[in-house]
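Everything on this sheet refers to the single structure shown next.
The values are calculated or read from the model by the stated rules, or taken from the named source; none is laboratory data. It should be emphasised that the depicted structure is a prediction, and the values quoted were computed from it without experimental measurement. Neighbour counts are summed over all protein chains in view; Cβ atoms, including those assigned to glycine, are modelled from backbone coordinates with ideal geometry. Quick note on the areas: whole protein, heavy atoms, side chains included, nothing else; ligands and nucleic acids left out. Shrake-Rupley method; radii C 1.70, N 1.55, O 1.52, S 1.80 Å.
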Amino acid sequence: MATTSNTSYASPKPCKHLANYKLRHGLSVYKSIQKHLKTAPTGRTSIKISETKIPRCSSCTEYQRRLYLCLICSTVSCSNHTLLHAQSENGHDIAVDIQRSELYCCLCSDQVYDPDFDKVVVSKTIQDMPSDKHSVEDLIRRSSKRRRLNSLTDLDLKSSKFPVSERDRRAKSCYPMGLRGLNNMGSTCFMNSVLQALLHAPPFRNYFLGGRHDSETCRKRPSDRLCLVCEIDSIFSAVFSGDRTPYSPAQFLYSWWQHAANLASYEQQDAHEFFISVLDGIHEREAKEQNPNKGDLDCQCIGHRVFSGMFRSDVTCMTCGFTSTTHDPCVDISLNLDTSKFSSVDVTNKSVRSNEDTGRTTLLACLDLFTRPEMLGSDQKLYCQNCKEKRDSLKQMSIKRLPLVLSLHVNRFEHSLVRRRSRKIDWHLQFPFSLDMTPYLSSSIVRNRLGNRIVGFESNEVDTSAEFEIFAVVTHSGTLEAGHYVTYLRLRNQWYKCDDSWITEVDEGIVRAAQCYMMFYVQKMLYYKANEDMSCAPMSPRTEPFVPIAGCC
């Protein structure tokens, strides 16, 4: 029996700078640039400005960074100078990515999508392809999935499980199942980066791939909103279908907009806020259906079962020594960078390199800072139950219960009361691939504080595994106002860079040097079991050097 859902929602307006550009110039520039489009045998389309000269940034002559061609004056700018060009030249807001043939808004500092430009690229790409029928059909299939914002019915995931082509098998024969690019639908790199981490979180992945969420039954329930959990289930079906072409999670985006109406826009959002919002949406949907009377402490929704832990907060009266203890659930740990060792000159340095002594800290130092006793200020005096009045107090945080998947968020954005402005802290953070959380458990913290006194703890705290392995790192590059999110995934001990629709195999040194914003660790036992369970597509011996393919460069 067919069922229908009420999908009434308002789509946020697309990039206003692109709309203004098309209003002034129409499609004439799109058509004129078509002759510069070149398609490689791998199916990847790029901009060819000159047959002999290597394109370089007009401001710094850089050629190794991402380069963009202004659609108005044909000036080439690197990712560091596109904004400067747009600000210095009125109306020069839209450029095209030379490497990817994708539109880019210099003022929004992110990729934008226009179906009219997509048609121009697809048309030229088909012209450049060999006459082989199967090659053309494969290209049309790939290109038609670049971005589909206007036709949600085309996002039926059960009908989109195309087989991997032979070329894809040869070029990506060692790529684990589920490694698939996600199209940027207009400043949605924040969403794509977090989704890649969620898709490869072992317990979270096993839940959806194991068919634990009954989407058919869920869709039959009357609701005025799309089911966020059903859309996540659909993404898992698409990503693990074996299709390697980039996927557009458009319907999930619309569903998330319904659950987070205050964030419903094509503007760049914070990846951490998005992560918390998605877990809240899962909890709201699943917890109410399972047992609406239970609170967060007893919640059995998949979001809390995988990511939920427990904080312990001890507040000690400085007068009588009485300690009051509270416990609070958490789905992640937000860590401040330890800036105590550096001067104000060091802190304001925005171009710190990872090999400098200043502007460098470690994840363990951040965790030490999180669990370090903190003297509460005179304006934060707390009521002491023993003294029966407000007293100066000492507060110390610790972790009472660890989750299966540990999410760590680095607070890189701070507000200066003196300068009355916010800024981003571009410090390099060293982090281990294997992490032992034992020193930060309540059992360790309290015993260190009380010395040799015997302290009893609940068995579930003592028995919890404290050894973790990293499997995903979300990074942020750029400024507070404009930046870009990328995720590095560690699958079968190999790192992969997920930059929206593009997947690249990278060395661990690249990951260690990246500016991490969120880190995802899974309990060590689950990490190794996940590696054993991961399958690899059938492969034939490779006799030629690695050649990138569209979506998996």
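Taking the conditions exactly as written (at pLDDT 85 or above, of a type outside the set (Ser, Thr, Tyr), surrounded by fewer than 19 Cβ atoms within 10 Å (Cβ to Cβ) and at negative phi), does ASP116 satisfy them or not?
Working: at pLDDT 85 or above: no; of a type outside the set (Ser, Thr, Tyr): yes; surrounded by fewer than 19 Cβ atoms within 10 Å (Cβ to Cβ): yes; at negative phi: yes.
Judged against the criteria, ASP116 is not a match.
Matching residues to (1) buried (at least 22 other Cβ atoms within 10 Å of the Cβ); (2) over 27 Å from GLN494 (Cβ atoms); (3) without any contact (Cβ under 8 Å) to a residue 40 or more places away in the chain:
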{"position": "LEU182", "(1), (2), (3)": "yes, no, no"}
{"position": "GLY186", "(1), (2), (3)": "yes, yes, no"}
{"position": "CYS189", "(1), (2), (3)": "yes, no, no"}
{"position": "VAL194", "(1), (2), (3)": "yes, no, no"}
{"position": "LEU199", "(1), (2), (3)": "yes, no, no"}
{"position": "PHE204", "(1), (2), (3)": "yes, no, no"}
{"position": "GLY211", "(1), (2), (3)": "no, yes, yes"}
{"position": "SER215", "(1), (2), (3)": "no, yes, yes"}
{"position": "LEU228", "(1), (2), (3)": "yes, yes, no"}
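Are any of the residues in the range 500-515 of a type in the set (Asp, Glu), at pLDDT 70 or above and buried (at least 21 other Cβ atoms within 10 Å of the Cβ)?
Within the range 500-515, one or more residues are of a type in the set (Asp, Glu), at pLDDT 70 or above and buried (at least 21 other Cβ atoms within 10 Å of the Cβ).
Residues being out of contact with any Pro (no Cβ under 9 Å at 6 or more places or on another chain) and either within 22 Å of TYR113 (Cα to Cα) or open to solvent by 30 Å² or more (accessible area, probe 1.4 Å) (or both): count how many of those fall in the range 257-283.
14
Among the residues of the range 291-309, is there at least one that is in a strand (DSSP E or B), touching an Asp or Glu at 6+ places or on another chain (Cβ under 9 Å), at pLDDT 90 or above and not basic (Lys, Arg)?
The answer is yes; a qualifying residue exists.
Scanning the range 64-73 for residues that are at pLDDT 90 or above and part of a loop (DSSP other than H, G, I, E, B), which turns out surrounded by the most Cβ atoms within 10 Å (Cβ to Cβ)?
LEU71
Which is under 24 Å from SER501 (Cα atoms) and at pLDDT below 90, of THR39, THR61, THR52?
Just a single option satisfies the conditions, and that option is THR39.
Condition first: part of a loop (DSSP other than H, G, I, E, B) and within 18 Å of CYS57 (Cα to Cα). Now tell me which residues in the range 102-125 satisfy that. Break it down into steps so the answer makes sense when it comes.
Residues of the range 102-125 that are part of a loop (DSSP other than H, G, I, E, B), as a first pass: 102, 106-109, 112-114.
Listed by number, the residues that qualify are GLU102, CYS106, LEU107, SER109.
Please pick out the residue among GLY91, GLY26 that is more than 27 Å from ILE503 (Cβ to Cβ) and modelled with pLDDT of 90 or more.
Exactly one of GLY91, GLY26 is more than 27 Å from ILE503 (Cβ to Cβ) and modelled with pLDDT of 90 or more, namely GLY91.
Which residues, counting only those in the range 368-388, are open to solvent by 50 Å² or more (accessible area, probe 1.4 Å) and not in a loop (DSSP other than H, G, I, E, B)?
Listed by number, the residues that qualify are ASP368, LEU369, GLU374, MET375, SER378, ASP379, GLN380, LEU382, TYR383.
Quickly run through the range 86-101 and pick out the residues that are in a loop (DSSP other than H, G, I, E, B) and either closer than 13 Å to LEU71 by Cα or without any contact (Cβ under 8 Å) to a residue 24 or more places away in the chain (or both).
Keep residues of the range 86-101 that are in a loop (DSSP other than H, G, I, E, B), which gives 89-93, 98-101.
Residues satisfying the conditions are GLU89, ASN90, GLY91, HIS92, ASP93, ILE98, SER101.
Consider VAL446 carefully, then state whether it is modelled with pLDDT under 90, buried (at least 18 other Cβ atoms within 10 Å of the Cβ) and not in a strand (DSSP E or B).
Here the answer is yes, as VAL446 does meet what is asked.
Using the structure shown, decide if ARG219 is over 19 Å from the mean Cα position of the chain (by Cα) and either free of Cβ contacts under 8 Å to residues at least 24 places away in the same chain or outside any helix (DSSP H, G or I) (or both).
no
Regarding LEU489, is this residue modelled with pLDDT of 90 or more, within 30 Å of CYS105 (Cα to Cα) and surrounded by 15 or more Cβ atoms within 10 Å (Cβ to Cβ)?
Yes, satisfied.
Determine, yes or no, whether CYS366 is farther than 20 Å from LEU335 by Cβ, modelled with pLDDT of 85 or more and among the hydrophobic types (A, V, I, L, M, F, W, C).
Against the criterion (farther than 20 Å from LEU335 by Cβ, modelled with pLDDT of 85 or more and among the hydrophobic types (A, V, I, L, M, F, W, C)), CYS366 does not qualify.
On the given criteria, is ARG212 more than 19 Å from the chain's Cα centre (by Cα), part of a helix (DSSP H, G or I) and of a type in the set (D, E, K, R)?
It is false that ARG212 is more than 19 Å from the chain's Cα centre (by Cα), part of a helix (DSSP H, G or I) and of a type in the set (D, E, K, R).
Being assigned to a helix (DSSP H, G or I), open to solvent by less than 50 Å² (accessible area, probe 1.4 Å), within 29 Å of PHE520 (Cβ to Cβ) and at pLDDT below 50: is that true of ASP138 here?
For ASP138, the condition - assigned to a helix (DSSP H, G or I), open to solvent by less than 50 Å² (accessible area, probe 1.4 Å), within 29 Å of PHE520 (Cβ to Cβ) and at pLDDT below 50 - is not met.
Taking the stated definitions as given, is TYR496 modelled with pLDDT of 90 or more, crowded, with 16+ Cβ neighbours inside 10 Å and closer than 21 Å to PHE274 by Cα?
Judged against the criteria, TYR496 is not a match.
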